[in-house]
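Only one structure is covered here, and it is reproduced in the block below.
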Amino acid sequence: MTSIFDIPLIRKNINKNPLKNIKYVNKVFYEDFNESRILKKKDVDNTLKNIISINDSIEITYCFLDFNLRYLDLSNNNITYLPDIFGNLNINGDLNLCCNKIEFLPETFGNIQIGGYLDLSYNKIRNLPQSFCNIKCLESLYLSFNKLKTLPKDFGKIKIIRNLNISCNKLISLPKSFGNLKLLGALSLEHNLLRLLPQTFINIKVMSLYLSYNKLICLPKKFGIIKVEINIWLSDNNLIFLPKSIGKLKLRGSFYVKNNNLINLPNTFPNIQISGSLNLSSNKITSLPKRFPFIKIGRNIDLANNLIKKLPNDIDKLIKINGYFFLNNNLLRKLPKNFNKIPKDLNNVFGIINF
């Protein structure tokens, strides 16, 4: 009794007679109650009778419908589209379709059953069908390096356990439902064209959030209460201010907001609690909040390449950090009298004055 198949089809173009040329089917596992063995080439031909190729190796129809696939790898081919019947697949593990030329997915794609990760990265997908949101229990979803401009309105209903990567697309907005996502891993939206995030975005729950290299001009008002456990990266955007709620932010990792257009920090900013590093370098910050010396940062503080002219008088109260304090390339001309009382636990202050 056949129960599980493992079929990698890797690094080769599929042509008119796929079974004659599937030398790159590395292994097919056949398991029954009495034995487990690797099938030979002739067994593969007999088992996969229904693999059919259409139109000169680019468009393919798969009919693995009678089998429970453990893993299907069709990466690094020249597939341009998937037939409707593809949505009937039942895969216990991973489906890898990366590095093809897929431009769209059939409406039936949302019916597919996948128990592992789904990798659609490095394709040419412009839109996802609304049915895509019906996919359940994905381990991880990879959609990076496509041409997506928008996502289906119910995208937040997708059940993803760990990681979601939609970086390197052309997204200009996110649907309101996006805030429903709950991940045990990372959410990556880097290298897109996002200017604003929906207010519901703060309801997401992820371990790390990566939003660098977008065009964000501001964050949701309640961004500080967002449920991110470890890291938040907002570097290389167009942020001109941070919301007052940012003072409620607590991270076990680092907070990166370098290379933006920040001019001032809100008075609530010193209330943040960061166990890792704080990076605000390469902004346009002219001054620091009075209570900045009481900020709780576990490792480095980087304020280099700003326009800071003066440090708070209580700089000697700076809570000890186990790292570096960068203030190089600012506009400081003098230091507070009590500057020499900075705790010895602060390992280094680099380039503190730039005359």
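Quick notes on this one:
- Of the residues in the stretch 73-86, not one is under 27 Å from Pro175 (Cα atoms), under 21 Å from the mean Cα position of the chain (by Cα), modelled with pLDDT of 90 or more and small (Gly, Ala, Ser).
- For the stretch 144-158, a residue qualifies if it is assigned to a loop (DSSP other than H, G, I, E, B) and of a type outside the set (D, E, K, R), and the qualifying residues are Ser144, Phe145, Asn146, Leu148, Thr150, Leu151, Pro152, Ile158.
- Of all residues in the stretch 242-294, those satisfying the criterion of being closer than 22 Å to Lys309 by Cβ and aromatic (Phe, Trp, Tyr) are Phe269, Phe292, Phe294.
- Boolean, Leu262 is in a loop (DSSP other than H, G, I, E, B), within 21 Å of Lys221 (Cβ to Cβ) and touching a residue at least 12 places away in the same chain (Cβ under 8 Å): yes
- Taking the stretch 87-110 as the range and being at pLDDT 90 or above and either over 24 Å from the mean Cα position of the chain (by Cα) or among the hydroxyl-bearing types (Ser, Thr, Tyr) (or both) as the test, the residues that pass are Pro106, Glu107, Thr108.
- Taking the numbered list (1) modelled with pLDDT under 95; (2) buried (at least 16 other Cβ atoms within 10 Å of the Cβ); (3) assigned to a loop (DSSP other than H, G, I, E, B) in turn, Arg162 passes all entries but (2).
- In the stretch 108-126, residue surrounded by the most Cβ atoms within 10 Å (Cβ to Cβ) [restricted to those that are of a type in the set (A, V, I, L, M) and touching an Asp or Glu at 6+ places or on another chain (Cβ under 8 Å)]: Leu118
- Only listed residue being closer than 23 Å to Leu234 by Cα, buried (at least 18 other Cβ atoms within 10 Å of the Cβ), in contact with an Asp or Glu (Cβ under 7 Å, 6 or more places away or on another chain) and among the hydroxyl-bearing types (Ser, Thr, Tyr), chosen from Ser177, Ser140, Ser131: Ser177
- Exclusive hit being over 25 Å from Thr108 (Cα atoms), more than 16 Å from the chain's Cα centre (by Cα) and buried (at least 20 other Cβ atoms within 10 Å of the Cβ), set Leu187, Leu209, Leu196, Leu219: Leu219
- Scanning the stretch 290-333 for residues that are β-branched (Val, Ile, Thr) and either at pLDDT below 90 or assigned to a loop (DSSP other than H, G, I, E, B) (or both) returns Ile295, Ile308, Ile315, Ile319, Ile321.
- Checking Asn305, Asn271 one by one, the residue that is in contact with a helix residue (DSSP H, G or I) (Cβ under 8 Å, 6 or more places away or on another chain) and not β-branched (Val, Ile, Thr) is Asn271 and no other.
The values are calculated or read from the model by the stated rules, or taken from the named source; none is laboratory data. Values in this document were obtained by computation on a predicted structure and should not be read as measured data. In this analysis, Cβ positions are derived from the backbone assuming ideal geometry, glycine residues included, and neighbour counts consider all displayed protein chains.
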